[in-house]
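Student: So that we are looking at the same thing, I have put the structure below in structure tokens.
The values are calculated or read from the model by the stated rules, or taken from the named source; none is laboratory data. Remember, predicted model here, so these are calculated numbers, not experimental data. Neighbour counts run over all protein chains shown; Cβ positions are idealised from the backbone, glycine included.
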Amino acid sequence: MAKKKHTAQKTTSRAAKQTPAMYPTPDPVELATPQKIVAFDLKTKTITLEGSPPPELLRLEEIERQRLNLTGRIAAYTRTLALRIAPHWGERPKHITPAKWRNLEQRIKAIAELPGNAPAEARDALMALHTLNRMAEELAEAGDWPDSIDRAICYAIDFGQLLQRGQTQIDHGETVDLGKRNAEAVAGAREAKSTKTNHRIEAAHAEFQRRMATVKKSRMKMATLKNMSEIKDNNGNPVWPPIDTLKRWARDWKSITPSE
């Protein structure tokens with residue numbers, strides 16, 4: 001099937017929609033019930049199953065169709081990159097007309113770099129837009145081409161992403177893994193501290209209730225908490241937290257009202 005000429009996608013930097021996914025490889029599909037294969041075509045690399053196709057395979061087929069849709073990719077990549085750049089365009093230079101500034105394709109061609117305070121990811125996005133625009137121009141020069149070229153270009157994009165991912169893993173994988181382990185350790189320490197604190201709160205509540213059970217006057221709650229805060233162990237260390245902490249804990253104890 002012949003293809004229409006491709007041109008760079010035109011949009012504005014005011015796009016407010018959520019950044020679309022950048023075509024990740026889909027996860028393997030596990031079918032709920034086994035399927036019987038009745039035919040297999042080596043030339044087209046397709047299989048025919050008995051009965052209706054499972055919904056899981058239909059969803060996978062739609063994902064793959066979108067991943068190999070070059071026209072859709074060019075449009076989605078342009079929107080995504082424009083959203084990354086939009087907050088950092090800066091003021092319109094005087095030498096660029098308002099009409100050209102409103103047209104993203106013309107703006108890409110006119111702007112060589114972003115303002116000095118623009119972050120690195122915005123600069124990379126602008127470079128990517130320049131590259132995408134040049135690719136679209138080359139495709140337009142090529143005229144019409146078969147579907148296989150569309151798919152080959154999409155696979156080439158995936159291949160480049162995999163190469164970059166592998167290099168990133170080589171350069172930064174060890175640091176990332178160390179950061180993840182540190183984050184897990186910190187989260188574990190926080191959880192352990194929280195659990196320990198909850199146990200202390202429960203123990204303090206039990207001790208408070210035990211003491212209050214021996215008090216005849218009902219207005220001795222704050223005094224009881226103060227007495228608890230002054231208890232020391234054999235080494236002279238406080239058994240319970242300071243009075244302010246006990247009062248804060250006691251706010252959740254039903255036996256103490258706000259007025260007390």
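Student: Output the helices (runs of 4 or more DSSP H) that fall wholly within region 147-260 and possess 1 or more residues being touching an Asp or Glu at 6+ places or on another chain (Cβ under 7 Å), or say none. If you could, list the steps in order and put the result at the bottom.
Tutor: Values: elements: 147-212, 221-229, 243-250.
Passing ranges, in order: 221-229.
Student: Still on this structure, please answer the following. Scan region 172-183 and tell me whether some residue there is over 28 Å from the mean Cα position of the chain (by Cα) and over 30 Å from Val239 (Cβ atoms). It would help to see each step written out before you state the result.
Tutor: In the first step, residues of region 172-183 are kept if they are over 28 Å from the mean Cα position of the chain (by Cα); the result is none.
Within region 172-183, none of the residues are over 28 Å from the mean Cα position of the chain (by Cα) and over 30 Å from Val239 (Cβ atoms).
Student: Considering only residues that are among the charged types (D, E, K, R) and surrounded by fewer than 13 Cβ atoms within 10 Å (Cβ to Cβ), look in region 86-100 and name the one that is nearest to Asn117 (Cα to Cα). Write out each step before concluding.
Tutor: Initially, region 86-100 is screened for residues among the charged types (D, E, K, R), giving 91-92, 94, 100.
Within this subset, residues satisfying the condition of being surrounded by fewer than 13 Cβ atoms within 10 Å (Cβ to Cβ) are 91, 94.
Details: Glu91: 13, Lys94: 19 Å.
Step by step, filter region 86-100, then rank; the result is Glu91.
Student: Which ones in region 108-122 are over 10 Å from Trp89 (Cα atoms) and assigned to a helix (DSSP H, G or I)?
Tutor: Matches in region 108-122: Ile108, Lys109, Ala110, Ala120, Glu121.
Student: Same structure, new question: Looking for something surrounded by 11 or more Cβ atoms within 10 Å (Cβ to Cβ), modelled with pLDDT of 90 or more and of a type in the set (Phe, Trp, Tyr) - is there at least one such residue anywhere in region 200-211?
Tutor: No; the residues of region 200-211 include none that is surrounded by 11 or more Cβ atoms within 10 Å (Cβ to Cβ), modelled with pLDDT of 90 or more and of a type in the set (Phe, Trp, Tyr).
Student: Okay, moving on. Has region 44-56 got any residue that is surrounded by 17 or more Cβ atoms within 10 Å (Cβ to Cβ), assigned to a loop (DSSP other than H, G, I, E, B) and in the same structural domain as Leu132 (by TED's automatic domain parsing)?
Tutor: Restricting attention to region 44-56, the residues satisfying the condition of being surrounded by 17 or more Cβ atoms within 10 Å (Cβ to Cβ) are none.
Looking through region 44-56, none of the residues is surrounded by 17 or more Cβ atoms within 10 Å (Cβ to Cβ), assigned to a loop (DSSP other than H, G, I, E, B) and in the same structural domain as Leu132 (by TED's automatic domain parsing).
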